[in-house]
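Student: Got a structure for you, written out below as structure tokens; questions coming shortly.
The values are calculated or read from the model by the stated rules, or taken from the named source; none is laboratory data. On a predicted model such as this, the values are computed, not experimentally measured, just so you know. Note that we place each Cβ from the backbone using ideal geometry, even for glycine, and neighbour counts take in every protein chain shown. Heavy atoms of the whole protein, side chains included, go into the accessibility calculation; ligands, DNA and RNA do not. Shrake-Rupley method; radii C 1.70, N 1.55, O 1.52, S 1.80 Å.
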Amino acid sequence: MDAEAAKFIGAGLAVFALFGVGLGIGNIFSTLIASIARNPASRAQVFPIGILGFALTEAVALFALLIAFLILFA
């Protein structure tokens, strides 16, 4: 196998984490909307936790993208 082809395969495998990130972000916001819809008074306590979960999940996406770019261009 050519080294260039191995780089493309490795970068593609590193991007598989973005699938899980997409599912995680969808799950976080669907649960956030459902919990606020059930009890609107709890928005002040639930919303910051949802945003923190989003930020941490998005950080995983950025790390996966960084690894893919490092594999491709380093």
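Student: If the label point is 7 Å along Cα→Cβ of ASP2, which residues in the range 46-74 have backbone nitrogen under 18 Å from it?
Tutor: Zone members listed by number: 72-74.
Student: Explain nothing, just compute: Karplus ³J(HN,Hα) = 6.51 cos²θ - 1.76 cosθ + 1.60, θ = phi - 60°, for every residue of the range 41-50 in order, whole Hz, x for Gly and Pro.
Tutor: 5, 8, 4, 5, 8, 8, 4, x, 5, x
Student: For a quick protection proxy, order the peptides 12-25, 37-50 by their average other-Cβ count within 10 Å, most packed first.
Tutor: 12-25, 37-50
Student: Just to verify a number: FRET efficiency for PHE54 and ALA74, C-beta to C-beta distance, R0 = 35 Å, to 0.05?
Tutor: Efficiency computed from Cβ-Cβ geometry: 0.75.
Student: Can you work out ³J(HN,Hα) from phi for every residue in the range 5-20, in order, using Karplus 6.51 cos²θ - 1.76 cosθ + 1.60 and θ = phi - 60°, giving whole Hz and x for Gly and Pro?
Tutor: Each residue's phi maps through the Karplus curve to give 5, 5, 5, 5, 5, x, 5, x, 5, 5, 7, 4, 5, 5, 5, x Hz.
Student: When only C-alpha pairs under 8 Å and at least 6 residues apart count, what is the relative contact order of the chain, in percent?
Tutor: Worked out over the chain, it gives 55 percent.
Student: Given a 1.4 angstrom probe, what's the average accessible area per residue across the chain, in square angstrom?
Tutor: Value for the chain: 71 Å² per residue.
Student: Based solely on its DSSP helices, what 222 nm [θ] is calculated for the chain when runs of n ≥ 4 H residues each add -39,500 (n - 2.57) and the sum is averaged over all residues, nearest 500 deg cm²/dmol? Walk me through the numbers on the way to the answer.
Tutor: On the way: 3 runs with 65 residues, N = 74.
So the calculated ellipticity at 222 nm is -30500 deg cm²/dmol.
Student: So if R0 is 30 Å, what FRET efficiency would LEU65 and ALA34 give, r being the distance between their Cβ atoms, rounded to the nearest 0.05?
Tutor: Once the sixth-power term is evaluated, E becomes 0.55.
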